[in-house]
Amino acid sequence: MSDAQPDPNTRPVVRLKPAADARAVRHGAPWVYSDALVLDRRTRALAPGTVAVLEDASRSPLALVAVTPESRIAARVLDADCGAEIDEAWFLKRLKAAVDLRDRLFSEPYYRLVHAEADGLPGVVIDRFGATLVIQPNAAWADVRFDMLADAALEATGAECVILNGTGRARKFEGLPEVLEVARGVAPDGPVPVPMNGATYMADLMGGQKTGLFYDQRDNHAFTAGLAKGARVLDVFSHVGGFALAALAAGAESALAVDGSQPALDLAEAGAEASGLAARFSIRKGDAFATLEALAEEGAQFDVVICDPPAFAPSKKALTQGLRAYERVARLAAPLVAPGGILTLCSCSHAAEIGKFGNACARGIGRAGRSAQLLRTGYAAADHPTLPQLAESGYLKALTYRLLP
């Protein structure tokens, strides 16, 4: 599908309210919220994903945007050139730039290929698993142009298969249905082995969480694993073995993975087997909080403990409750760390900025009667670049502490 009206004089026009900050868009802000846009009858009649010219209140053009009138993010900036044509060539240019960066970062084709706004494709996530691409078009403009996006992605990468994963919670805010299907080629007939940090992870591309694997923790896995040689490791909210397998590959004595999902733990065991680490790896299915309490009652001690929970504060409304949950995780995990041991606590909640998250963790460690040194503050790996004008793109935090004897 090609955008039929590249001429800015024939495209629909949407306009900022007089009180809106036009300078933010001029300086690179990628979003316009609904309360900053004039949502008159004409604008509300635009189909979700319509490409339009954004003007400031004095009718000066600002950018080419994709409009979804009923979304809180009413307009997403696509291009500073109001005459740009959003066609396959446009997609291909951005995708080639994304491939070029990842080729400089990684020697093997296993990474996040597109990280939404930071790679110039608002609302689009693409994870690469060798010859297979998993694409999440989480914004209406990309969903209606998915065929162009998929074809350009195959051309840019040389991949053979595209899986359309439309299961993210963000899609409902754009009025998009849930969908999961093979859009190009033939899907792998089972979990895909992914080499990372000396271990092999098994990614279920059609039935796992998100796209099948969390690449964002790659660097944090590596740092904590570097502290785990000869250590007893506890990995809570482990998913498919994230921190545990990396630690074992780096020489940990043993690793226990805790998760509430048996399918995830099955994949973790398969990854341990594929990595030749099964003899030192064990699993425990259960609620993370209950399991932490049970391990304390059992008198268990570990040299390295990692807690990497889901987003407890996915929005500002959930922030207070989410920070309490992060504090509780820290309070329950700290007693399990042997004197002088390592505790890594993570958050993928963009609403819980680093200062508030760090304070919650410090309170939890203190309430557990422990003292700590902060060794490192980690963020998402470089295949998850941050757009400086969009704080939400810097969502991941990982704090690594040494708990004093």
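Observations on the structure shown:
- Residue 253 being touching a strand residue (DSSP E or B) at 6+ places or on another chain (Cβ under 9 Å) and free of Cβ contacts under 8 Å to residues at least 24 places away in the same chain: no
- Hey, residue 37 at pLDDT 95 or above and under 21 Å from residue 120 (Cα atoms) or not: no
- Candidate set from the stretch 153-201 (those that are in contact with a Gly (Cβ under 6 Å, 6 or more places away or on another chain) and in a strand (DSSP E or B)); member that is surrounded by the fewest Cβ atoms within 10 Å (Cβ to Cβ): 179
- From 34, 71, residue being of a type in the set (S, T, N, Q), under 25 Å from the mean Cα position of the chain (by Cα) and surrounded by fewer than 16 Cβ atoms within 10 Å (Cβ to Cβ): 34
- Taking the stretch 227-254 as the range and being in contact with a helix residue (DSSP H, G or I) (Cβ under 9 Å, 6 or more places away or on another chain), over 18 Å from residue 194 (Cβ atoms) and not β-branched (Val, Ile, Thr) as the test, the residues that pass are 227, 228, 229, 231, 234, 237, 251, 252, 253, 254.
- One residue stands out among those in the stretch 316-370 that are farther than 24 Å from residue 247 by Cα and among the hydroxyl-bearing types (Ser, Thr, Tyr): the one that is surrounded by the fewest Cβ atoms within 10 Å (Cβ to Cβ), which is 320.
- Residue within the stretch 68-89 that is assigned to a strand (DSSP E or B) and either at pLDDT below 95 or among the basic types (Lys, Arg) (or both) present: yes
- Residue 308 being among the acidic types (Asp, Glu), under 24 Å from the mean Cα position of the chain (by Cα) and closer than 26 Å to residue 405 by Cα: yes
- Of all residues in the stretch 41-66, those that are in a strand (DSSP E or B) have Cβ atoms under 6 Å from Cβ atoms of residues that are open to solvent by less than 60 Å² (accessible area, probe 1.4 Å) and acidic (Asp, Glu), 6 or more apart or on another chain, in 51/3; 61/55; 62/56; 64/79.
- Boolean, residue 79 is over 29 Å from residue 218 (Cβ atoms) and without any contact (Cβ under 8 Å) to a residue 24 or more places away in the chain: yes
- Looking only at the stretch 203-259, and only at residues there that are under 25 Å from residue 178 (Cα atoms) and charged (D, E, K, R), the one that is least open to solvent (accessible area, probe 1.4 Å): 216
- Test set (1) at pLDDT below 95; (2) in contact with a Ser or Thr (Cβ under 6 Å, 6 or more places away or on another chain); (3) open to solvent by 10 Å² or more (accessible area, probe 1.4 Å) - residue 313 fails condition number: (3)
- Exactly one residue out of 372, 313, 318, 351 is farther than 30 Å from residue 114 by Cβ and not basic (Lys, Arg), and it is 372.
- Leading residue by the ranking (least open to solvent (accessible area, probe 1.4 Å)) among those in the stretch 268-294 that are within 19 Å of residue 209 (Cβ to Cβ) and assigned to a loop (DSSP other than H, G, I, E, B): 286
- Residue in the stretch 162-182 that is in contact with a helix residue (DSSP H, G or I) (Cβ under 7 Å, 6 or more places away or on another chain) and basic (Lys, Arg) present: no
- Only one entry in 127, 81 is buried (at least 19 other Cβ atoms within 10 Å of the Cβ) and among the charged types (D, E, K, R), namely 127.
- Condition met for residue 318 (within 19 Å of the chain's Cα centre (by Cα) and over 25 Å from residue 222 (Cα atoms)): yes
- Test: residue in the stretch 296-306 that is at pLDDT 95 or above, open to solvent by 20 Å² or more (accessible area, probe 1.4 Å), out of contact with any His (no Cβ under 8 Å at 6 or more places or on another chain) and assigned to a helix (DSSP H, G or I): yes
- From the list 396, 374, the one residue that fits, being at pLDDT 95 or above and open to solvent by 10 Å² or more (accessible area, probe 1.4 Å), is 374.
The values are calculated or read from the model by the stated rules, or taken from the named source; none is laboratory data. None of these values were measured; they are calculated from a predicted model. We place every Cβ from the backbone using ideal geometry, glycine too, and count neighbours over all the protein chains shown. With ligands, DNA and RNA removed, areas are computed over all heavy atoms of the protein, side chains included. Shrake-Rupley method; radii C 1.70, N 1.55, O 1.52, S 1.80 Å.
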